[in-house]
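As structure tokens, the structure follows; a few thoughts come after it.
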Ligand code: HEM
């Protein structure tokens with residue numbers, strides 16, 4: 001991790017400046033030592049993670065990153081809240097369901113993903129913005145709801161998703177069939193990437209009319225890089241230094257970040273060429289989605305996209321497929337470990353006509369339960385964060401806990417989904433049936449977030465995951481080779497090792 005960051009520093013800064021940076025570093029270490037020794041318990045009555053002498057929680061944050069630091073905080077904050085001082089930041093872990101809901105429901109004047117630009121917090125959403133540009137993630141203000149609604153109409157509505165169903169099915173068939181080609185069996189190195197590439201092709205087709213040239217490998221490695229950098233504390237640390245030394249203006253990308261944006265722009269450019277080709281060859285065909293989103297938000301029926309639609313092109317390349325691939329991979333791992341559940345699911349798949357949207361969307365309760373249970377145990381977006389913009393008191397804490405401007409509040413969905421206190425002694429076990437006995441409203445389940453800024457791509461993602469899983473399990477017997485896959489809590493909740501499977505065609 002540190003080598004990536006050093007590499008980035010070298011790319012961004014000329015050798016002359018390195019000397020200044022070193023002096024800056026020494027001054028900074030002095031400041032850090034002083035701060036650590038003199039810091040008071042800023043959240044009175046709330047447990048603080050002291051970390052190591054003098055440097056406090058800083059080494060832990062730098063070595064392991066945010067998710068591991070939050071795990072530590074959760075273990076010391078039995079009643080749902082704890083915190084750590086990390087250099088200029090106060091990291092608060094809120095992990096009680098009522099408190100999490102309260103924080104996620106805060107209006108943006110009280111808390112947002114980046115915080116006030118005046119504070120330049122270390123929120124990973126700042127890094128994300130420098131890498132992919134503006135997106136709904138960082139939007140605040142009156143335009144936000146209008147933008148959310150455009151996404152929701154296109155991706156979270158039953159009507160618009162029913163129109164995409166045939167395309168999803170066609171691509172799922174093509175991609176699953178390609179796993180074995182002409183043969184009847186194949187060893188797949190990482191089924192997660194196969195499902196990712198299906199999702200990339202899906203976006204290429206529905207957004208641009210471009211399923212084939214939306215180059216899988218290229219987009220995969222690019223979005224892997226972005227995801228890694230966005231969740232890496234060093235990206236924020238180096239940026240903090242560069243700001244301190246006035247080498248960048250707040251919010252502006254560094255040179256290496258700008259290079260990544262240029263690579264994204266190239267992929268988008270190729271997709272746009274395909275869109276223009278499609279529109280030229282099919283003048284009377286329905287508009288592709290990126291064009292629809294553009295027209296909906298003030299763009300023309302040809303030519304450049306509206307600002308809104310072109311911002312979505314980057315967001316989609318970074319975040320449109322990984323969670324879909326991971327969901328497929330985790331579901332297969334869980335089913336492989338639980339043959340009883342796999343048999344029940346297979347029976348449901350075989351008893352329903354899965355070529356009909358309504359059946360897949362609404363008449364497969366066991367498939368729904370499997371996907372929910374897999375998302376409970378392995379929420380791919382395992383946490384999020386808010387930065388406090390205006391002083392507020394946590395009402396649901398039952399005692400006066402005052403959150404102050406600039407504090408970073410981390411919210412772990414993984415903890416809420418797997419805590420035995422909240423889900424009972426079998427919390428760690430894969431039991432899809434728990435989702436069959438009515439909606440678990442009293443238990444915290446939020447793989448797609450909660451409140452006014454929850455996911456706007458939720459329903460299309462679930463549909464794509466369902467169709468891919470159905471097609472895969474109908475076509476093949478799937479054997480997950482490693483029976484001990486462990487979670488890797490990075491920016492997303494990944495597997496430690498690639499999920500290799502053997503697929504054998506059913507006769
Ligand atoms: C399985 C796939 C997905 C998962 C698990 C997922 C999860 C999430 C979660 C947990 C949030 C809330 C984050 C927070 O509170 O800070 C979120 C927000 C968001 N998601 Fe998704 N997501 C998925 C797919 C998608 C797709 C396909 C799109 C694009 C069409 C998308 C676009 C967004 C956007 C734009 C937001 C921010 C919404 C706002 O700020 O108003 N997501 N997602």
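A Cβ distance below 7 Å, combined with a sequence gap of six or more or placement on separate chains, defines the contacts here; from region 450-473, residues that are under 21 Å from residue 158 (Cβ atoms) reach residues that are within 6 Å of the ligand (Cβ to nearest atom) and part of a loop (DSSP other than H, G, I, E, B) in the pairs 454/448; 455/448; 455/449; 458/448.
Say we look at region 79-121 and pick out the residues that are surrounded by fewer than 20 Cβ atoms within 10 Å (Cβ to Cβ) and within 15 Å of the ligand (Cβ to nearest atom); which of these is farthest from the chain's Cα centre (by Cα)? Once the filter is applied, the top-ranked residue is 110.
So, in region 334-343, of the ones that are surrounded by fewer than 24 Cβ atoms within 10 Å (Cβ to Cβ) and closer than 22 Å to residue 464 by Cβ, which residue ends up nearest to the chain's Cα centre (by Cα)?
Filtering first and then ranking leaves 334.
Restricting 222, 207, 229 to residues that are within 22 Å of residue 319 (Cα to Cα), within 14 Å of the ligand (Cβ to nearest atom) and in contact (Cβ under 8 Å) with a residue 60 or more places away in the chain narrows the list to 207.
Looking at 445, 430, just one residue is part of a loop (DSSP other than H, G, I, E, B), more than 16 Å from the ligand (Cβ to nearest atom) and either in contact with a strand residue (DSSP E or B) (Cβ under 6 Å, 6 or more places away or on another chain) or more than 18 Å from residue 199 (Cβ to Cβ) (or both), and that residue is 430.
Within region 450-464, take every residue that is touching a helix residue (DSSP H, G or I) at 6+ places or on another chain (Cβ under 7 Å) and part of a loop (DSSP other than H, G, I, E, B) and give me the one that is nearest to the ligand (Cβ to nearest atom). Among them, the one singled out is 457.
Scanning region 293-312 for residues that are within 14 Å of the ligand (Cβ to nearest atom) and buried (at least 23 other Cβ atoms within 10 Å of the Cβ) turns up 293, 312.
Per the conditions (1) assigned to a helix (DSSP H, G or I); (2) within 16 Å of the ligand (Cβ to nearest atom), the sole criterion not satisfied by residue 275 is (2). Of everything in region 391-414, what is surrounded by 20 or more Cβ atoms within 10 Å (Cβ to Cβ), part of a strand (DSSP E or B) and away from the ligand (no atom under 16 Å from the Cβ)? Give them in sequence order. Result: 403, single match. Against the criterion of being within 16 Å of the ligand (Cβ to nearest atom), surrounded by 14 or more Cβ atoms within 10 Å (Cβ to Cβ) and modelled with pLDDT of 95 or more, residue 168 qualifies.
Out of 93, 82, I need the residue that is touching a helix residue (DSSP H, G or I) at 6+ places or on another chain (Cβ under 7 Å), closer than 24 Å to residue 447 by Cβ and without any contact (Cβ under 8 Å) to a residue 40 or more places away in the chain. Which one? Outline the logic, then answer.
Details: 93 fails: without any contact (Cβ under 8 Å) to a residue 40 or more places away in the chain.
Being touching a helix residue (DSSP H, G or I) at 6+ places or on another chain (Cβ under 7 Å), closer than 24 Å to residue 447 by Cβ and without any contact (Cβ under 8 Å) to a residue 40 or more places away in the chain holds for just one of 93, 82, which is 82.
One residue alone among 467, 503 is outside any loop (DSSP other than H, G, I, E, B), away from the ligand (no atom under 16 Å from the Cβ) and farther than 27 Å from residue 100 by Cβ, and that residue is 503. When region 122-152 is filtered for residues that are more than 12 Å from the ligand (Cβ to nearest atom) and in contact with a helix residue (DSSP H, G or I) (Cβ under 9 Å, 6 or more places away or on another chain), the ones remaining, listed by number, are 122, 126, 127, 129, 130, 131, 133.
The values are calculated or read from the model by the stated rules, or taken from the named source; none is laboratory data. Model, not experiment: these values are computed from the prediction. Every residue, glycine among them, receives a Cβ derived from its backbone with ideal geometry; neighbour counts consider all protein chains shown.
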